[in-house]
Each structure stands twice: as structure tokens, then as C-alpha cells.
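Here is the structure we will look at, set down as C-alpha cells.
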């Protein structure tokens, strides 16, 4: 069992690293690579298989989280179609909803919105101070990453190492 916990810990560290990279690239380039979201999806697959090995049902370990990710993806795709979200943000949110699962997805979205408000305020203040309207585009990947790090910490605290 200890080996599974070590692998889970490494997987959460991988997800946290991908989130930090997503936040950094969103700040620098206003872009989130598809590779980061795919990496998070693959890490979810690893976590899901580890949970199944530990005796958690397929429904709880895989099906319910996929359903949560699908719902988040649907809603965010609608927002993307309306021009309210970027494509990278949609993919990052959906991939992290997999990791959050159905029981943490609502909190994850709430934290994303709260962090997003802070990021938007900081971005607007920075744009006003620098006098550059180009910097007023909000790097929402930072908020998604911050909320995703919260999810990783919460899920990591469930590991008994």
C-alpha cells in the first residue's frame, strides 16, 4: 500500500508542476498548451487506476469524475462559443475537473472564480499603472492553476504516507 501512496504523491506533484507551468505560460504568452491539459488527463488516468487497485469502485474512481469533467467541459465550451473564455482555459478547467471529481468540482469552480477575480483586479491595476491596454487581457489560467493547486493539496491530504 505504501508504494501506491508514493505513486499517488508523485502524480499529484506532477499535476501541480503542470499547473505551475500553465500559469507561467499564460502570464508570459497568454496561451495554455494542450500538452499540459493532456498531461493532467493522463495523470488522472494514473490516479484512477491506483484508486481501483486500492479497492475503490470503477464508478467512484473513473465514471463519476469523467461525468464531472464532461459537465464542466460542456458549460465551458458554451462560454468559449460566446467568446467569454479561451480554449486553453476550457481544456485546463475540464482536465482539472477530472482530478477534482464530482465531490470537489463545485468547490474547484468556486475557487477558480474567486482567484479569477483577484487575477482580474491585479491585471487591470497593472494595465492602468503601466498605461498599456494590451496587458489588460486576464490570464485566467493563473486562477485555474491556483484552484487546481488547492485541489491537489486537498486530494494529497487524503494520502496516508
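Brief remarks on what is shown
- Crossing angle, helix 2-29 versus the chain [Cα axis fit, 0-90 degrees, rounded to tens]: 10
- Candidates 61, 113, 81, ranked by Gaussian network fluctuation over the chain, Cα under 10 Å, top entry: 81
- Taking 21, 40, 129 in turn, the Gaussian network model of the chain (Cα-Cα springs below 10 Å) assigns the largest fluctuation to 129.
- The chain: most fluctuating residue of 125, 151, 142 per GNM, C-alpha cutoff 10 Å: 125
- Each label point was placed 7 Å from the Cα along the Cα-to-Cβ direction; for residue 30 and residue 84 their separation is 2.1 nm.
- Estimated from helical segments only, the mean residue ellipticity of the chain at 222 nm is -28000 deg cm²/dmol, where each DSSP H run of four or more residues counts as -39500 (n - 2.57).
- Across region 73-161, the relative contact order, built from alpha-carbon pairs under 8 Å that are at least six residues apart, equals 29 percent.
- Approximate spin-label separation residue 52-residue 103, in nm, with each point projected 7 Å along Cα-to-Cβ: 2.0
- Remark: spin-label model distance residue 159-residue 20 equals 1.5 nm, labels positioned 7 Å along the Cα→Cβ axis.
- Using alpha-carbon coordinates, inclination of helix 87-130 to the longest axis of the chain, degrees: 20
- Overall, the anisotropy analysis places region 67-161 in the oblate class: the square-rooted eigenvalues a ≥ b ≥ c of its C-alpha gyration tensor yield a/c not less than 1.5, with a/b not exceeding b/c.
- Mean Cα-pair separation over length for the chain, i.e. relative contact order, pairs under 8 Å, 6 or more apart, %: 32
- With respect to the chain, whose longest principal axis is taken over its alpha-carbon atoms, helix 140-156 is tilted by about 20°.
No value in this document is a laboratory result; all are computed from the given coordinates. Please read these numbers as outputs of a predicted model, since none were measured by experiment. Neighbour counts are summed over all protein chains in view; Cβ atoms, including those assigned to glycine, are modelled from backbone coordinates with ideal geometry.
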